[in-house]
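Asker: Dropping the structure in here first, questions after.
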Amino acid sequence: MTDRGTRCNALRFLKLLAFALSFIVLVLLAVASVRTLTLDVNAGLELAHWEETKRFSLEMGQQQREQVLETFKEAIRIPTVSAKELNFTALLEFSRLLRKAFPTVFTSRLVHHEVIANYSHLLWVPGSQPAWPPYMLLAHIDVVPASQSDGWDAPPFSAQEMDGFIYGRGAIDNKHSVMGILQALEYLLMKGYAPRRGFYIGLGHDEEVGGQAGAVSMVQALKRRGVQLSFVLDEGLAVLDGVIGGLEGPAALIGISEKGQATVKLSVTTAPGHSSMPPRESSIGILAAAVKRLEDNPMPRLFAHGPERGTFEHLAHKFNFPLKFLMSNLWLFSPLLGRVMERKPETNAFIRTTTAVTMFNSGVKENVLPLYAEAYVNLRIHSAQSLQEVQDLIHATVGDERVKMELVDGFDPLPVSSYDETSFGFQIIKKTVLDMHPEVTVAPGICIGNTDSRHFKDLTDATYRFAPTWIRPGDAQRFHGINERISKKNYEDLVVFYFNLIQNCDIRNLPQPHSAAHEL
C-alpha cells in the first residue's frame, strides 16, 4: 500500500473515531438531560396523608417567650467545660438548674429519670403502645473552652443579648438542644400529653472529650435492659441558608452518617549533639519533610462515592443552570465537581479524608540537636475509606523508614442510615421541618465531625444528626470558635420543633407514597 493510501485510511479512521466520540457524547448528554428532568419531577413527589393523631399546639405569649429565653441564658452562664479535666462543680450546678427549670419533667410520674456516671441524665417516657419500638433524643451538656481574650464580642459565658442574638459557649453546641428538648417536654406534660410511642432522652456530660463516661454508660445501661431503638436523633447538621453557592433557598441537611477519625503520631529519633556540628539531616528536618509530603499529597478525591452523593442529588433541582445539570448527573460529572470542591476547606471536607497536622514537638535548648521529634496528624475519614486504608496511605506517602508511625486512636466511618420513604426516623424529622418551614429543601447529609450518637450503633441502624439551627454565611466558624450565638427566634422555633417532633412520632407506620417508591 502506498504512503498516500495509508494516509487516506488513517484519515478515514480518525473521522470515524471523531464521529463515534461525538455520538457517545450526544448519547451521554441526552441521558443526562433526561435524568435532570426526571429528578426535577421526582423532587415534587410528596407522601400521602399522615395518620391523624390528637395534637397539642404551642403558641407562646410574650411572658412565656421571655421565661424560655431566660432559662436558656441561665444554662449558657454555667461553664460546663470539657478539656483535659471536666468542670464537675459546673456540671452539678447544671443538674440543679435542670430540676429548677423543668419541674414538671422531673416530678411527673410519667417520666423515669436517672443520673448516669454521676453527671449525665437518662430519661424514659413510656408510651401507651409498648409494642412500638421507642426512639431517643440525644444532646450534650458540656462545651469546649472559651476565653474573652480569644476575641469574643461578649464574654463567652455571659449569655449577653446583641442585635437579637444570644451569645455564649453552648448556644449552638449543644445546650440549645438540651434545653429545647426538655422545654418541649415540659410544655407537653403541662398540657396533659402522654405519648403513644415511648422515647428516651439522653443528655451526656463529656461529649466534647469522647463521651466515654456519659454516652457509653447510657448505652451499657440500655443494653442491659434489652432496649432496641427505632431511631436516634442527635446534634449534627443544620438548616443552611445562603451557605451553598448557587442553591435557591435554605436546605435542611439531616446527617445520615459521620466521617471516621484517626489520630496518628509520627516520630523520629536521631543521635543528639551540639548545634555547632550538625548532621546533614536532623530529627526535626526528617519529620518536617515527612509532614510536608503528607500536606503536598492529600488523600484521593472520593466525591460521590459516599453519602454526599445523595445530598447533592436531592438538592439538584434547587440549583440554577448549569449546576442543576451537573448535580443531577454525578455519575458523569463527579470528577469535575470534585476538583472544584477541593479548592475550599469547607467543601474539600466532603470529598476526601482530610489530613491536618495539629501538633509538632521537638527540642529542649537552642544549641542542642534534638534527640526526638514528634508530630500529631488528625484525619477525618471519608465514608468510602477504612481506617486501615488510611493508615496504609500515610505509610506509603511518608515513605521513610526512619519515621515511626503510631495509631493513637481511631475508628472507621459510621454506618449510613437509610433515608428513603420507608425510613421512619428520617421521614418524621423531615415532616417536622417542612410543617414549620415549607420553603426549606430537606436532604440527607454527612457529618464531618463526630457526635455521641456513634456510641449507639448497636442499639439502632437508624441514626440521624440534625438540629434546626439556622446557619448563614460565616456562622459555621462559630462552632468551637469565637462569638458562638443563636438568634432568640431560632431558639424559640427549636423548642417548637421538638414539641412537634415528639407528637409526630405517635403514629404506628409511615403513610404510603402516592406513587411507587423511588430513590433520588
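Asker: What pairs can you find where one residue is in segment 477-494 and β-branched (Val, Ile, Thr), the other is outside any loop (DSSP other than H, G, I, E, B) and crowded, with 16+ Cβ neighbours inside 10 Å, and their Cβ atoms are less than 7 Å apart, with a gap of 6+ or different chains?
Answerer: Matching pairs, first to second residue: Ile486/Phe165; Ile486/Ile166; Ile486/His176; Ile486/Thr469.
Asker: Sticking with this one: Does segment 506-517 include one or more residues that are assigned to a helix (DSSP H, G or I) and either at pLDDT below 95 or hydrophobic (A, V, I, L, M, F, W, C) (or both)?
Answerer: no
Asker: Test Phe350 against the stated conditions and say whether it is outside any helix (DSSP H, G or I), buried (at least 22 other Cβ atoms within 10 Å of the Cβ), touching a helix residue (DSSP H, G or I) at 6+ places or on another chain (Cβ under 6 Å) and aromatic (Phe, Trp, Tyr).
Answerer: Taking the combined requirement at face value, the residue does not satisfy it.
Asker: Hey, Leu294 hits all of (1) within 24 Å of Ser334 (Cβ to Cβ); (2) of a type outside the set (Ser, Thr, Tyr); (3) in a helix (DSSP H, G or I) but one; which does it fall short on?
Answerer: (1)
Asker: Taking segment 384-409, which residues are in contact with a Leu (Cβ under 8 Å, 6 or more places away or on another chain) and either assigned to a loop (DSSP other than H, G, I, E, B) or not assigned by TED's automatic domain parsing to the domain that holds Leu266 (or both)?
Answerer: Ala384, Gln385, Val403 - these are the residues of segment 384-409 that are in contact with a Leu (Cβ under 8 Å, 6 or more places away or on another chain) and either assigned to a loop (DSSP other than H, G, I, E, B) or not assigned by TED's automatic domain parsing to the domain that holds Leu266 (or both).
Asker: Is it true that Ser283 is farther than 30 Å from Glu439 by Cβ, among the hydroxyl-bearing types (Ser, Thr, Tyr) and either surrounded by 15 or more Cβ atoms within 10 Å (Cβ to Cβ) or touching a Lys or Arg at 6+ places or on another chain (Cβ under 7 Å) (or both)?
Answerer: In short, yes.
Asker: Of Leu247, Leu240, Leu253, Leu189, which residue is over 30 Å from Met359 (Cα atoms) and modelled with pLDDT under 95? Explain how you work it out, then say what you get.
Answerer: Values: Leu240 fails: modelled with pLDDT under 95; Leu253 fails: modelled with pLDDT under 95; Leu189 fails: modelled with pLDDT under 95.
Exactly one residue qualifies, and that residue is Leu247.
Asker: Given (1) at pLDDT 95 or above; (2) over 26 Å from Tyr119 (Cα atoms); (3) surrounded by fewer than 23 Cβ atoms within 10 Å (Cβ to Cβ), identify the lone condition not met by Val219.
Answerer: (2)
Asker: Restricting attention to segment 315-351, which residues are in contact with a strand residue (DSSP E or B) (Cβ under 9 Å, 6 or more places away or on another chain), aliphatic (A, V, I, L, M) and closer than 21 Å to Gly249 by Cα?
Answerer: Of everything in segment 315-351, those that are in contact with a strand residue (DSSP E or B) (Cβ under 9 Å, 6 or more places away or on another chain), aliphatic (A, V, I, L, M) and closer than 21 Å to Gly249 by Cα turn out to be Leu315, Leu323, Leu326, Met327.
Asker: Using the structure shown, decide if Ile429 is in contact with a helix residue (DSSP H, G or I) (Cβ under 8 Å, 6 or more places away or on another chain), in the same structural domain as Trp132 (by TED's automatic domain parsing) and either assigned to a loop (DSSP other than H, G, I, E, B) or not acidic (Asp, Glu) (or both).
Answerer: Judged against the criteria, Ile429 is a match.
Asker: Moving on to the next point. Which strands (runs of 3 or more DSSP E) does segment 164-265 wholly contain that include 3 or more residues that are closer than 22 Å to Met436 by Cβ and touching a residue at least 24 places away in the same chain (Cβ under 8 Å)?
Answerer: Numbers: elements: 165-167, 199-204, 232-240, 251-258.
Hits in segment 164-265: 232-240, 251-258.
Asker: Given Arg301, Arg309, which one is in contact with a helix residue (DSSP H, G or I) (Cβ under 7 Å, 6 or more places away or on another chain) and part of a helix (DSSP H, G or I)?
Answerer: Among Arg301, Arg309, only Arg309 is in contact with a helix residue (DSSP H, G or I) (Cβ under 7 Å, 6 or more places away or on another chain) and part of a helix (DSSP H, G or I).
Asker: Shifting gears a bit: Only one of these is in a helix (DSSP H, G or I) and over 18 Å from His382 (Cβ atoms): Leu332, Leu337. Name it.
Answerer: It is Leu332.
Asker: A further question follows. Which of the residues that make up segment 402-432 are in contact with an Asp or Glu (Cβ under 9 Å, 6 or more places away or on another chain) and among the hydrophobic types (A, V, I, L, M, F, W, C)?
Answerer: Correct list: Leu414, Phe426.
Asker: May I pose another question? Considering only residues of segment 432-491 that are within 17 Å of the chain's Cα centre (by Cα) and among the polar types (S, T, N, Q), which is farthest from Tyr200 (Cα to Cα)?
Answerer: Residue satisfying both the conditions and the ranking: Gln477.
Asker: Specify which of the listed residues (Phe321, Phe312) is more than 30 Å from Val364 (Cβ to Cβ), surrounded by fewer than 21 Cβ atoms within 10 Å (Cβ to Cβ) and assigned by TED's automatic domain parsing to the domain that holds Leu393.
Answerer: Phe321
Asker: Which condition number in (1) in a helix (DSSP H, G or I); (2) at pLDDT below 95 is the one that Glu51 fails?
Answerer: Here Glu51 meets the rest and fails (1).
Asker: Still on this structure, I have one more. Name the residue, out of Ala373, Ala316, Ala356, that is among the aliphatic types (A, V, I, L, M) and in a helix (DSSP H, G or I).
Answerer: Ala316 is the lone residue from the list that is among the aliphatic types (A, V, I, L, M) and in a helix (DSSP H, G or I).
Asker: Quick one: Leu110 ticks every box in (1) among the hydrophobic types (A, V, I, L, M, F, W, C); (2) in a strand (DSSP E or B); (3) in contact (Cβ under 8 Å) with a residue 60 or more places away in the chain bar one, so which box is it?
Answerer: Among (1) among the hydrophobic types (A, V, I, L, M, F, W, C); (2) in a strand (DSSP E or B); (3) in contact (Cβ under 8 Å) with a residue 60 or more places away in the chain, Leu110 violates only (2).
Asker: Same structure, new question: Of the residues that make up segment 174-182, is at least one small (Gly, Ala, Ser), surrounded by fewer than 18 Cβ atoms within 10 Å (Cβ to Cβ) and over 17 Å from the mean Cα position of the chain (by Cα)? Break it down stepwise before answering.
Answerer: To start, the set of residues in segment 174-182 that are small (Gly, Ala, Ser) comprises 177, 180.
Subsequent filtering for residues that are surrounded by fewer than 18 Cβ atoms within 10 Å (Cβ to Cβ) retains none.
No, because not a single residue in segment 174-182 is small (Gly, Ala, Ser), surrounded by fewer than 18 Cβ atoms within 10 Å (Cβ to Cβ) and over 17 Å from the mean Cα position of the chain (by Cα).
Asker: Would segment 143-150 turn up any residue that is within 30 Å of Ile507 (Cβ to Cβ) and either without any contact (Cβ under 8 Å) to a residue 12 or more places away in the chain or outside any loop (DSSP other than H, G, I, E, B) (or both)?
Answerer: Scanning segment 143-150, I find no residue that is within 30 Å of Ile507 (Cβ to Cβ) and either without any contact (Cβ under 8 Å) to a residue 12 or more places away in the chain or outside any loop (DSSP other than H, G, I, E, B) (or both), so the answer is no.
Asker: Taking into account only those residues within segment 380-418 that are under 20 Å from Ile286 (Cβ atoms) and acidic (Asp, Glu), which is surrounded by the most Cβ atoms within 10 Å (Cβ to Cβ)?
Answerer: Per the criteria, the residue is Asp400.
The values are calculated or read from the model by the stated rules, or taken from the named source; none is laboratory data. As the structure is a computational prediction, the values presented were derived from the model and not from experiment. Using ideal geometry, Cβ is built from the backbone for each residue, glycine included, and neighbour counts are taken over all protein chains shown.
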